[in-house]
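Heads up, the thing below is written out as structure tokens.
Every read-out reported here was derived from the displayed coordinates using simple, explicitly stated rules and does not represent laboratory data. Computed from a prediction, not measured in an experiment: that's the story for all the values here. FYI the Cβ positions are ideal-geometry reconstructions off the backbone, even for glycines, and counts take in every protein chain you see.
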Amino acid sequence: MTEFAIRAPRTDEVEVLADLHLRTWKETYGGAFPASAWGQAAREQRLRMWDAICNRPRPADRFAVAERDGELIGIAGSGASMDDAPVREKHLFFIYLLAAEQGSGAGQALLDTVVSSEPASLWVLEGNARAIAFYERNGFVFDGARQPTGFETGGEELRMVR
């Protein structure tokens, strides 16, 4: 397997990024979230989101992609917390990697790029053992906060901090 590269997303990649985001969501949450989570309305929302990220970034935000052999395999983003009562200034918005790439080191490289070793918070789906173990290896611990995912079948997210 060739090495991966970590870089900033490019303005001409909005559609590819939106589709990768939805594909990784389906791989990650296929058994928990309804199909609408990666349907057409979700794609349109992701297109708007990635257009803003690529073309109108906010000063505190940091986004990165992982690429292998010219194909995007993962995405990550962080920035100022949008929680009502932020517990950390920096928040990991997301980190998603294609299932076939998990364990390759690309997820760690993405996290290191967008958060580094700084104090941060994040939300993780309750029961997502692989993600929880990854965050715990990186010094994150649960702080007791919970919130609904917004999907009727999605359960709850738990906050982790370091």
* Asked: Got a number for residues in the range 1-49 being within 15 Å of the chain's Cα centre (by Cα) and of a type in the set (Asp, Glu)?
  -> 2
* To do: State all residues of the range 58-80 that are assigned to a loop (DSSP other than H, G, I, E, B), under 17 Å from the mean Cα position of the chain (by Cα) and within 23 Å of Thr24 (Cα to Cα); if no residue qualifies, say none.
  => Asp61
* Take the range 26-45 and flag every residue that is in contact with a Gly (Cβ under 9 Å, 6 or more places away or on another chain) and assigned to a helix (DSSP H, G or I). => Tyr29, Ala37, Trp38
* Which one of the conditions (1) in contact with an Asp or Glu (Cβ under 6 Å, 6 or more places away or on another chain); (2) under 17 Å from Thr149 (Cβ atoms); (3) hydroxyl-bearing (Ser, Thr, Tyr) does Thr2 fail to meet, given that it meets all the rest? -> (2)
* Quick check: anything in the range 73-80 touching a residue at least 24 places away in the same chain (Cβ under 8 Å) and surrounded by fewer than 19 Cβ atoms within 10 Å (Cβ to Cβ)? -> no
* Would you pick out the residues in the range 112-124 that are outside any loop (DSSP other than H, G, I, E, B) and among the charged types (D, E, K, R)? -> Asp112
* Asked: Mind checking which residues of the range 126-160 are hydrophobic (A, V, I, L, M, F, W, C) and buried (at least 18 other Cβ atoms within 10 Å of the Cβ)?
  -> Ala131, Phe134, Phe140, Leu158, Met160
* To do: Find all pairs meeting these conditions: Cβ atoms under 7 angstrom apart; at least six residues apart or on different chains; first residue within the range 84-113 and at negative phi and in contact (Cβ under 8 Å) with a residue 60 or more places away in the chain; second residue in a strand (DSSP E or B) and hydroxyl-bearing (Ser, Thr, Tyr).
  => Val87/Ser121; Arg88/Ser121
* Structure fact -> For the range 83-111 the number of residues that are within 15 Å of the chain's Cα centre (by Cα), hydrophobic (A, V, I, L, M, F, W, C) and part of a loop (DSSP other than H, G, I, E, B) is 1
